[in-house]
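Q: Questions regarding the structure given below will be posed in turn.
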Amino acid sequence: MTMAAKLLAAPEEGGFNPLVPHTYELVVGIFSFLVVLVVVGKILVPRIQKTLAERTDAIEGGIKRAEEAQAVAQDLQQQYRDRLAEARHEAARLREEAREQAAQIKAELREEAQAEARRLVEAAHAQIEADRQAAFAQLRAEIGRLSTDLAGRIVGESLEDEARQSRIVDRFLDELESSDAQAVR
C-alpha cells in the first residue's frame, strides 16, 4: 500500500483522520467565522461603502466642477474674442475717421494755399500794374520833356509854354499809342 492510502486508512484503525477536524475546532471555526462575518458585514462594509460613496461623489463633483469651470472658461474666451473683435472694429473705424479728417484737413489746407496764392498773384498783378502806371507816367513826362526839347531845337524856337507843351506831348503820345494798337492787330 502506498503511503497516502495508509494515512487514509489509519483513522479507521486509530480513529484519527487529519483531514477531518475535531468537533470543537469546527464549532470554534464556525463561531469565529460568524463573528468575522458580523464585524465585516455590520461595521466594515458600511464604512467601506460610505468611503466609496464619498469618493464617487468627490469624483463626480470634481467632474461637474471641471465641466462648469470649462463652460465658464469657454464663456470668458468667447467674451474675450467678442471684445477683441469689437476693439478691432473700433480701431478700424477710428483709422477711417482719421483718414477722412486728414483728407479734409489736406483739402482745407490746399484751398487756403490756393486762396493765398491767388491773393499773392492778384497783389503782384496790382503792384505790377501800379509800377507800370508809375513807369508809364514817368516815361510820359520824360518823353514829353525830351520831345519838347527836340522839337524846340528842330523848329528853332523855345517851347517854354507849359500848356502848349502838354498839349503837344499828349497829342504825340496818343498818336503813338494808336499806331502801336494798329500794329498789334
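The values are calculated or read from the model by the stated rules, or taken from the named source; none is laboratory data. Please read these numbers as outputs of a predicted model, since none were measured by experiment. When we count neighbours, we look across all protein chains shown, and the Cβ atoms used for this are built from the backbone with ideal geometry, even at glycine. Ligands, DNA and RNA are stripped out before the accessible areas are found, and what is left, the full protein with its side chains, is counted by its heavy atoms. Shrake-Rupley method; radii C 1.70, N 1.55, O 1.52, S 1.80 Å.
Q: Give me the percent of accessible area attributable to carbon and sulfur for region 45-158, probe 1.4 angstrom. Intermediate results must be reported in sequence, preceding the final value.
A: Values: 5650 of 9930 Å².
The C+S portion of the solvent-accessible surface of region 45-158 is 57 percent.
Q: Still on this structure, please answer the following. HN-Hα J couplings of region 43-49 from phi, Karplus 6.51/-1.76/1.60, θ = phi - 60°, integer Hz, Gly and Pro as x?
A: 10, 6, 4, x, 5, 5, 5
Q: Something else now. In sequence order, what are the phi-derived ³J(HN,Hα) couplings for region 114-119 according to the Karplus relation 6.51 cos²θ - 1.76 cosθ + 1.60 with θ = phi - 60°, rounded to whole Hz, with x for glycine and proline?
A: Karplus-based 3J(HN,Hα) across region 114-119 equals 5, 5, 5, 5, 4, 4 Hz.
Q: Compute, for region 41-94, the length of the dipole vector about the Cα centre, with Cβ point charges of +1 (Lys, Arg) and -1 (Asp, Glu) only. Units Debye, rounded to 20. Please report the intermediate quantities before stating the final value.
A: On the way: 10 positive and 9 negative charges, 61 e Å.
In total the dipole reaches around 300 debye.
Q: A follow-up question, please. Where a Cα-Cα gap under 20 Å defines reach, which aspartates and glutamates qualify for Lys42, not counting those fewer than 8 residues away within the same chain?
A: Filter leaves Glu54.
Q: Can I ask one more? Quick check: net charge around Lys106, other residues with Cβ under 12 Å of its Cβ, Lys/Arg +1 and Asp/Glu -1? Mind showing how you got there, number by number?
A: Details: positive: Arg99, Arg110; negative: Glu100, Glu108, Glu111, Glu112.
Once all neighbours under 12 Å are counted, the net charge is -2.
Q: Here's another thing I want to ask about it. Pop out the ³J(HN,Hα) list for region 93-105 in order, Karplus 6.51 cos²θ - 1.76 cosθ + 1.60 with θ = phi - 60°, rounded to Hz; leave Gly and Pro as x.
A: 5, 5, 4, 5, 4, 5, 4, 4, 5, 5, 5, 5, 4
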